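Input: a single structure, listed below in structure tokens.
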Amino acid sequence: MLRARLEATARNAGRIGDSHTAEAPRLSIIIPVLGEGERIEAALGALSPIRDRGAEIIVVDGGSTDATVEKARRHADLVIVAPRGRGSQMNAGAARANGNTLLFLHCDTQLPQDADRLILEALEQSGCDWGRFDVELFGRPLMLRVVAFMMNWRSRLTGIATGDQAIFARREAFAKAGFFPDIALMEDIAISKALKQISKPVAIKTQAISSGRRFESKGVFRLILLMWFLRLAYWAGADPDGLARRYGYASRAR
């Protein structure tokens, strides 16, 4: 049912729906959340200039027990609840989106103020069907600058993006890629791999700023080594649910 709905909205891109704008938006920003009551208003407030220019903001909650949903409704065009898991939540948001271009944004990642213009111009000028931003990791360890540099360099080399880099895609390309898989971890890697079969990604050098909180809590070098191990295991065919548990997530509990 979800796949049919996504394909139907892909065929009817640009229709008027739940957006606050009179005209259908060119860009829909889809934000999966879970227990983000402390930061959701700040995250959505940072998107206000982009929303004022016509972008559609969709928040997809995975079953929060705090005030996330209530607070999100004050600042978003649409707030829905979907089965927990970033992949399934982002797919649910895409199914309700009206924009011709879809941007998938983590709650702890802040876009450049002119991200809407940068995305639409990058896609048009490059001829690509998808892309991502360079990322800057915000936090105390100075090593985070090196980590961000390596993330951006690796992404340019491999054509694989991470969720921290704010992946965006034309609606038709996202549908053709088969949408995010419903897996507990590595959904960003999987969709990048699928989108690469359609076109190369365009990399926007202007940086999105993503929280380095997970590096601070787990330790920079420990997390780097863990992520290398998990990525290699994923490419070798390991079960994403098992990898999610190794990372510290309960299965399908993001």
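Quick notes
- Spin-label zone in the stretch 115-150 - amide nitrogen under 17 Å from a point set 7 Å from the Cα of LYS205 along the C-beta vector: 115, 118-119, 121-123, 125-126, 132-136, 149-150
- For the pair LEU232 and GLU38 in one chain, pulling the backbone fully straight at 0.36 nm per residue adds 66.4 nm over the alpha carbon distance.
- Using the Stokes-Einstein relation with a Kirkwood hydrodynamic radius computed over Cα pairs, the translational diffusion coefficient of the stretch 107-198 at 20 °C and a viscosity of 1.002 mPa s comes to 152 µm²/s.
- Counting only DSSP H runs of at least 4 residues, each contributing -39500 (n - 2.57), and dividing by the residue count of the chain, the helix-based mean residue ellipticity at 222 nm comes to -12500 deg cm²/dmol.
- Expressed per residue, the C-alpha convex hull volume of the stretch 93-151 stands at 113 Å³.
- At 1.002 mPa s and 20 °C, Stokes diffusion of the stretch 194-244 via Kirkwood alpha-carbon radius, µm² per second: 157
- Those trypsin sites (Lys or Arg not before Pro) in the stretch 74-166 that DSSP places in a loop and that have at most 13 other beta carbons within 10 Å: ARG74
- At least 15 Å along the helix axis (C-alpha) and Kyte average at least -0.5, DSSP helices within the chain: 115-126, 143-158, 220-235
- Base-10 log of normalised Debye intensity for the stretch 170-221 (one unit scatterer per alpha-carbon) at q = 0.22, 0.26, 0.30, 0.31 Å⁻¹: -0.94, -1.00, -1.07, -1.09
- Note on LEU34, LEU102: ascending count of other Cβ atoms within 10 Å places them as LEU34, LEU102, the fewest first.
- Enclosed volume per residue, in Å³, of the convex hull spanned by Cα atoms of the stretch 129-254: 105
Where a number appears in this text, it was derived from the coordinates with a stated rule and is not lab data. Model, not experiment: these values are computed from the prediction. Virtual Cβ from ideal backbone geometry, glycine too; neighbours counted across all protein chains shown.
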